[in-house]
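Novice: Can you keep this structure in mind? I'll have questions shortly.
The numbers here are math on the coordinates, done by the rules we state, and not lab data. Owing to the predicted nature of the structure, the values given are computational and were not obtained by experimental measurement. Cβ coordinates were reconstructed from backbone atoms using ideal geometry, including for glycine residues, and neighbour counts include every protein chain displayed.
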């Protein structure tokens with residue numbers, strides 16, 4: 001988590017459910033996926049997974065502005081800075097780079 005934001009890579013059953021639930025708890029979540037058609041559908045609140053309450057969580061997260069969907073993992077983490085286990089800062093821009 002960086003600056004109170006969470007990136008979820010992949011919007012399959014685990015990624016989408018996790019992202020929507022974390023957004024439902026009030027976290028700012030960006031979910032990245034490789035399928036642009038799936039991302040577009042999710043941005044419109046169309047959920048491709050049958051899970052009770054998931055579609056409502058996605059729609060609420062989108063409406064509240066704390067759930068977003070983007071095409072690709074790089075866009076999900078672009079510009080983020082995270083501490084590594086040694087306390088050094090790692091800048092995320094599609095690949096790990098040392099500052």
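Novice: Using alpha carbons only, how many angstrom separate the centre of the range 58-78 from the centre of the range 1-40?
Specialist: The range 58-78 and the range 1-40 have Cα centres separated by 6 Å.
Novice: In bins 5 Å wide, starting from 0, what share of all Cα pairs of the range 26-70 does each bin hold, as a percent?
Specialist: Bins of 5 Å from zero give 5, 24, 34, 25, 12, 0 percent of pairs.
Novice: Tell me the label-point distance for the pair residue 13, residue 46, using the 7 Å Cα-to-Cβ offset, in nm and rounded to one decimal.
Specialist: So the two model labels end up 2.2 nm from each other.
Novice: Within a 10 angstrom radius of the beta carbon, how do 46, 5, 86 rank from fewest other beta carbons to most?
Specialist: Lowest count first: 86, 46, 5.
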